[in-house]
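See below for the structure under consideration.
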Amino acid sequence: MEATENENTTVKNMETLECLQLLDENYIGRLAYISWGTPHINPITYYHDAEEKCILSYSAPGYKIEAMEKHGSVAFQVDDIRSIQQWRSVLVQGRFEQLEGSTAKMHLHRFAEGVQRTIAKKEGEAPKFIKDFSSHLQEREIPIVYRIHIKDIVGKFRED
């Protein structure tokens, strides 16, 4: 872990393994994409699939999915903020891929189980059903399941 700017600063770089650990410990992040030439950022529920080196999530059909299909490149950020003096932040650059058929169904199941485990570790209580932590699956339309292939990952932290 090396300091940024100068030796007196308290903001430092995270090692890759620390970045991946922060992704593993959380289930809500912010997805950034370009739509109509403008950047957009939305909070999403996600699961970091360490085995496949990707972020799994899903969405209702709409402009977000259309924009990600069109541009492909996305960014994803996760933070753990305890105070102004103590925080960690990870930024992922990646490539969007929409999943279909049995692959989508398998990954949606993997997503649901992964988020349940993450919530259980973090909150001490596991939701019994995916609808307990996400609203889209209560709608009549079948959700779009997607993954973000991690191309690059960087993190910063501050601890005083």
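Every number in this text was worked out from the coordinates using simple rules, so none of it is lab data. If you're wondering where the values come from, they're calculated on a predicted model, not measured in any experiment. Cβ: placed from backbone, ideal geometry, glycine included. Neighbour counts: every protein chain shown.
Assorted remarks:
- Per-residue 3J(HN,Hα) values for the stretch 31-46, derived from phi via the Karplus relation 6.51 cos²θ - 1.76 cosθ + 1.60 with θ = phi - 60°, read 9, 10, 8, 9, 9, 6, x, 10, x, 10, 9, 10, x, 9, 8, 9 Hz in sequence order (x marks Gly and Pro).
- Using a cut-off of 29 Å between Cα atoms, the listed pairs 105/156; 70/122; 12/105; 12/64; 70/105 include 105/156; 70/122; 12/105; 12/64 as exceeding that distance.
- Label point distance in nm, residue 159-residue 100, each placed 7 Å from Cα along Cα→Cβ: 4.7 nm
- Extension gain, residue 93 to residue 11: 0.36 nm times the residue separation minus the Cα-Cα distance gives 27.4 nm.
- In this rough spin-label picture, where each label sits 7 Å from Cα along the Cβ direction, the residue 18-residue 82 distance is 1.3 nm.
- Neighbour counts of other Cβ atoms within 10 Å put 49, 80, 152, 160 in the fewest-to-most order 160, 152, 80, 49.
- Qualifying trypsin sites (Lys or Arg not before Pro) for the stretch 23-64 [loop in DSSP, other Cβ within 10 Å: at most 15]: 53
- Here is the list for the stretch 1-93: GluC sites (Glu not before Pro) lying in DSSP coil, each with at most 16 other C-beta atoms within 10 angstrom of its C-beta, are 2, 5, 7, 15, 51, 52.
- Coil-residue chymotrypsin sites (Phe, Trp or Tyr not before Pro) of the stretch 1-98, DSSP, other Cβ within 10 Å capped at 16: 36
- The slack in the chain from residue 125 to residue 73, taken as 0.36 nm per residue of separation less the alpha-carbon distance, amounts to 15.3 nm.
- Estimated FRET transfer efficiency (residue 113, residue 151; beta-carbon r; R0 25 Å; 0.05): 0.45
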